[in-house]
Amino acid sequence: MWLWLALLSALLLGFYDITKKKALAANGPLTVLLAVTALTALLLSPCFFLYRGPWEHHLMLMAKALLVSASWISGMYALKLLPITTVSPLKATRPFFVVLLSLIIFGERLNALQYMGVGLALLSIGLMSASTTNDKATKGSRWGYIAILISIAAGVASALYDKHIMVSMEPLFVQSWTNLYITVIVGLCVLLNRPLKLGEPSFKWDWMLLVTAVLITGADMAYFFALGSEGALLSVISIVRRFAVIVTFVFGALIFKEKNLRGKAVALGILLAAMVCLMLGTA
């Protein structure tokens with residue numbers, strides 16, 4: 001059951017990336033993130049009354065909110081500065097770093113298939129880096145690559161932290177309260193951003209914001225319930241969720257008419273092969 005929930009999460013995440021890209025056309029990254037997290041908190045508001053939790057758990061969720069906020073904010077700026085067919089495959093490498101750090105931190109052992117998957121992933125990253133040099137990105141694309149690296153690092157840390165906190169917490173408690181704390185953090189970032197005049201445009205309502213909020217709510221809900229299920233494996237769930245890259249790659253080509261897809265397609269194929277190896281190795 002948890003594997004199917006992970007697949008559902010991946011599907012919703014793929015469409016979430018597409019609608020998020022569309023929403024960024026009308027608003028700045030911080031504005032989009034604040035609107036989406038606030039709408040998500042509103043959708044999950046009944047859970048605030050159903051799941052209170054001790055203060056120790058809330059402190060742990062605040063720490064998670066900081067990690068997620070760092071990942072999301074930097075990821076938003078990366079998506080604003082780089083093509084979606086570049087950002088999504090690079091974000092798809094996060095599960096492999098989760099596997100590697102699980103090996104180091106938690107003492108997990110990799111079998112032959114898992115090692116093969118990690119090797120293919122590294123090859124895919126190299127090919128992706130080579131193909132992206134041909135992208136006609138904006139002048140600020142260098143900052144886009146820095147932003148995506150920060151997003152990946154914070155996302156990996158958050159995933160490893162999830163494995164720890166889901167042992168003692170309910171999925172909806174984690175999702176609802178973490179999202180509320182993220183909304184507060186992003187709201188503070190927006191307030192700090194205004195006097196600095198960092199180029200964030202004025203807010204414009206876009207229905208894509210609501211669609212994006214619904215999609216990320218469903219994706220995260222499926223993820224937390226999958227992770228909280230008996231026998232669930234974080235390494236497998238993290239990998240399966242990255243199948244969202246298929247959705248974003250296809251629609252990035254069809255909707256946004258992004259170029260230089262042939263080189264990325266080869267790297268994406270190797271990345272998918274790496275995912276298969278890791279899935280078979282952890283089955």
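The values are calculated or read from the model by the stated rules, or taken from the named source; none is laboratory data. Bear in mind the structure is a predicted one, so any value in this text is a computation, not a measurement. Note that each Cβ is placed from the backbone with ideal geometry, even for glycine, and that neighbours are counted across all protein chains shown.
So is VAL87 modelled with pLDDT under 85 and either part of a helix (DSSP H, G or I) or buried (at least 22 other Cβ atoms within 10 Å of the Cβ) (or both) or not? Reasoning before the result, please.
Working: modelled with pLDDT under 85: yes; either part of a helix (DSSP H, G or I) or buried (at least 22 other Cβ atoms within 10 Å of the Cβ) (or both): yes.
Spelling it out, VAL87 is indeed modelled with pLDDT under 85 and either part of a helix (DSSP H, G or I) or buried (at least 22 other Cβ atoms within 10 Å of the Cβ) (or both).
Hey, can you tell me all the residues within the stretch 222-272 that are of a type in the set (Val, Ile, Thr) and at pLDDT below 85? Step through it out loud before you land on a result.
Here is the first cut: in the stretch 222-272, the ones of a type in the set (Val, Ile, Thr) are 236-237, 239-240, 245-248, 250, 255, 266, 270.
Matches in the stretch 222-272: VAL236, ILE237, ILE239, VAL240, VAL245, ILE246, VAL247, THR248, VAL250, ILE255, VAL266.
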Of ALA137, ALA130, ALA112, which residue is modelled with pLDDT of 75 or more and small (Gly, Ala, Ser)? ALA112
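Here is a yes/no grid of residues against (1) part of a helix (DSSP H, G or I); (2) of a type in the set (Gly, Ala, Ser); (3) under 14 Å from the mean Cα position of the chain (by Cα):
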| residue | (1), (2), (3) |
| --- | --- |
| ALA6 | yes, yes, yes |
| ALA35 | yes, yes, no |
| GLY53 | no, yes, no |
| LEU61 | yes, no, no |
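Do the conditions hold for ALA219, that is, is it modelled with pLDDT of 95 or more and either touching a Pro at 6+ places or on another chain (Cβ under 8 Å) or surrounded by 19 or more Cβ atoms within 10 Å (Cβ to Cβ) (or both)? Quick ask: steps written out before the conclusion?
Details: modelled with pLDDT of 95 or more: yes; either touching a Pro at 6+ places or on another chain (Cβ under 8 Å) or surrounded by 19 or more Cβ atoms within 10 Å (Cβ to Cβ) (or both): yes.
It is true that ALA219 is modelled with pLDDT of 95 or more and either touching a Pro at 6+ places or on another chain (Cβ under 8 Å) or surrounded by 19 or more Cβ atoms within 10 Å (Cβ to Cβ) (or both).
How many residues are modelled with pLDDT under 80 and closer than 17 Å to GLY155 by Cα when one looks only at the stretch 53-84? Full working, then the answer.
Keep residues of the stretch 53-84 that are modelled with pLDDT under 80, which gives 76, 79-80, 83-84.
Still in the running and closer than 17 Å to GLY155 by Cα: 76, 79.
Here the count works out to 2.
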MET1 fails exactly one of the following numbered conditions: (1) surrounded by fewer than 21 Cβ atoms within 10 Å (Cβ to Cβ); (2) at pLDDT 85 or above; (3) farther than 30 Å from LEU254 by Cβ. What is the number of that condition? (2)
Enumeration of residues in the stretch 145-176 that are among the hydrophobic types (A, V, I, L, M, F, W, C) and touching a Gly at 6+ places or on another chain (Cβ under 8 Å): ALA147, ILE148, MET166, MET169, PHE173
Reported set for the stretch 176-207 where residues are outside any loop (DSSP other than H, G, I, E, B) and either more than 18 Å from ILE73 (Cα to Cα) or modelled with pLDDT under 90 (or both) is SER176, TRP177, CYS189, VAL190, LEU191, LEU192, ASN193, ARG194, PRO195, LEU196, TRP207
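Can you spot a residue in the stretch 15-24 that is farther than 22 Å from ILE246 by Cα and among the hydrophobic types (A, V, I, L, M, F, W, C)? Step through it out loud before you land on a result.
Looking only at the stretch 15-24, we keep the residues that are farther than 22 Å from ILE246 by Cα, and these are none.
No - not one qualifying residue is present in the stretch 15-24.
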Might you check whether a residue that is surrounded by fewer than 19 Cβ atoms within 10 Å (Cβ to Cβ), over 22 Å from ILE237 (Cβ atoms) and in contact (Cβ under 8 Å) with a residue 12 or more places away in the chain occurs anywhere in the stretch 53-61? yes
